[in-house]
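What follows is a short report on a single structure.
The values are calculated or read from the model by the stated rules, or taken from the named source; none is laboratory data. Because the structure is a prediction, the values reported are computed rather than measured. Reconstructed Cβ throughout: ideal geometry from the backbone, glycine too, with neighbour counts over all protein chains shown. The accessibility values were calculated without ligands, DNA or RNA, using every heavy atom of the protein model including side chains. Shrake-Rupley method; radii C 1.70, N 1.55, O 1.52, S 1.80 Å.
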Amino acid sequence: MKKAAEYSRRILLAVTGLSPQVVTETLYALICDESDPFVPTEIHLVTTSEGKERAELALLSHEPGWFARFCRDYRLPSIAFDAAHIHVPSSEKGEALADIRKPEDNERIADYIIELVRELSLDEDAILHVSIAGGRKTMGYYLGYALSLFGREQDQLSHVLVSEPFESSWDFFYPTPYSKIITSRDNKLADTANAEVTLARIPFVRLRDELPQPLLQERTPFSRVVRETQNARPVGLRLRIADRTLVLHGQELSLSASLFAFYWLLAARAKEGRPAVHWTDPDLAADYLQKYRTIVGEFSGDYDRAENTLGKNFGRENFDPNKSRINEKILGLLGRSAGAAYMIHTLERIPNTNYKRQGLTLTPEQIEFL
């Protein structure tokens, strides 16, 4: 897997509350990670209205301006981080959310976080590092869960640990590369050069490949994403011949007559326990035309054209495009993980040839014709 520095866009996304220090603490831990240093090109925060005000005053102001100080102290390149990168969801009244106390507040911030993570994860040339070190516990939960849903292989999740007596001290923002004396929260003096900040990387389950494409491409409420992710059904395929519809995992997929006939052919062979097919099979064209005729009618002009085009040889020029189109549609409906059970796969080699059969991996019990 590529190192973080190999990505042109490196995004740090964090939740913050009343302690904006977690931004510079996390940033310090990331750039000091010897195995894979992460220097972001942009930073995004999700917080409340008060959290935004604190972050602007503490991090982005001229004085104390802790973010600019940090970048100077550690000679970092330009990082896109200003007030526009601090995101605050709106309340039910359209006002900036002040806190998370009511059920509707939880719902709004959940929807906001999941949409932000979805958008940021669309860029394949970007790597996303998510920190759940700050903010209310519910915000950290939603952010971590959103990354589990939409995170790619390169994306990361972490928390930071700060040594005593610097943890929760308002005067501490990061370990300085020089001596700086501050007063800790228990009213003792401490040198920030001696502080230790540890990055705790958090493994997470990546569910992105199991999500239907619409959930990856469209704004979707948090509750619906959770519901559809949980709505995993046992593998089962139904073919409704009358309206050329496949019912896969409980979801419907309508196909053109030609694609449905092709998939029907493969499903029938799997249902009957017969070998899968190869485009050179001599009976393939006749089998396909018989099913296509059932769908469009024997006296249909479409059937006459298909019969004249195919003749007795189905041909690779017909087989491969049909397979690709059907697999793309299944992938778009169900996602890679759930869709794999229904897609057309390359199977065993045909004896004494270099050809491999193509077909479904479903068992006869998993297939039903309506």
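Tell me, which strands (runs of 3 or more DSSP E) wholly within region 122-230 include 1 or more residues that are open to solvent by less than 30 Å² (accessible area, probe 1.4 Å) and touching a Pro at 6+ places or on another chain (Cβ under 9 Å)?
126-131, 156-162, 189-191, 197-201
In region 315-345, which residues are closer than 15 Å to Leu255 by Cβ and of a type in the set (Asp, Glu)?
Glu328
For the subset of region 244-276 comprising residues that are outside any helix (DSSP H, G or I) and of a type in the set (Ser, Thr, Tyr), which member is nearest to the chain's Cα centre (by Cα)?
Ser254
Yes or no: region 317-333 includes at least one residue that is part of a helix (DSSP H, G or I), free of Cβ contacts under 8 Å to residues at least 24 places away in the same chain, open to solvent by 30 Å² or more (accessible area, probe 1.4 Å) and in contact with a helix residue (DSSP H, G or I) (Cβ under 8 Å, 6 or more places away or on another chain).
No, the conditions are met nowhere in region 317-333.
Counting just the residues of region 23-61 that are of a type in the set (Val, Ile, Thr) and not in a helix (DSSP H, G or I), which one comes out surrounded by the fewest Cβ atoms within 10 Å (Cβ to Cβ)?
In this case the residue turns out to be Val39.
Would you mention how many residues in region 43-61 are free of Cβ contacts under 8 Å to residues at least 40 places away in the same chain and farther than 20 Å from Arg108 by Cβ?
Number satisfying all stated conditions: 6.
So in region 342-357, with the set limited to residues that are within 22 Å of Lys271 (Cβ to Cβ) and surrounded by fewer than 18 Cβ atoms within 10 Å (Cβ to Cβ), which one is nearest to the chain's Cα centre (by Cα)?
Taking the candidates together, the pick is His345.
Within region 1-20, count every residue that is closer than 16 Å to Val162 by Cα and open to solvent by 10 Å² or more (accessible area, probe 1.4 Å).
Total meeting the criteria: 1.
Does any residue in region 62-90 that is in a loop (DSSP other than H, G, I, E, B) come within less than 7 Å, Cβ to Cβ, of a residue that is among the polar types (S, T, N, Q) six or more places away or on a different chain, and which pairs are these?
From region 62-90, the pairs are Ile79/Thr41; Val88/Thr47; Val88/Thr48; Val88/Ser49.
Just give me the residues in region 97-120 being touching a residue at least 24 places away in the same chain (Cβ under 8 Å), within 25 Å of Leu60 (Cβ to Cβ) and open to solvent by 60 Å² or more (accessible area, probe 1.4 Å), in sequence order.
Ala98, Tyr112
Those residues that are of a type in the set (D, E, K, R) and either touching a helix residue (DSSP H, G or I) at 6+ places or on another chain (Cβ under 8 Å) or not in a helix (DSSP H, G or I) (or both), I need them from region 2-22; list them, please.
Lys2, Lys3, Arg9, Arg10
Name the residues in region 154-203 that are of a type in the set (Val, Ile, Thr) and closer than 21 Å to Tyr74 by Cβ, would you?
Val160, Val162, Thr176, Ile181, Ile182, Thr192, Val197, Thr198
Applying the selection to region 65-94, what residues are open to solvent by 40 Å² or more (accessible area, probe 1.4 Å) and under 19 Å from Leu18 (Cα atoms)?
Of everything in region 65-94, those that are open to solvent by 40 Å² or more (accessible area, probe 1.4 Å) and under 19 Å from Leu18 (Cα atoms) turn out to be Asp82, Ala83, Ala84, Ser90.
Please state which of the following conditions Arg224 fails to meet, knowing it meets all the rest: (1) more than 20 Å from Met343 (Cβ to Cβ); (2) of a type outside the set (Phe, Trp, Tyr); (3) touching a Gly at 6+ places or on another chain (Cβ under 7 Å).
Here Arg224 clears every test but (3).
Please enumerate the residues belonging to region 277-308 that are in a helix (DSSP H, G or I), hydroxyl-bearing (Ser, Thr, Tyr) and open to solvent by less than 30 Å² (accessible area, probe 1.4 Å).
Within region 277-308, Tyr288, Tyr292, Tyr303 qualify.
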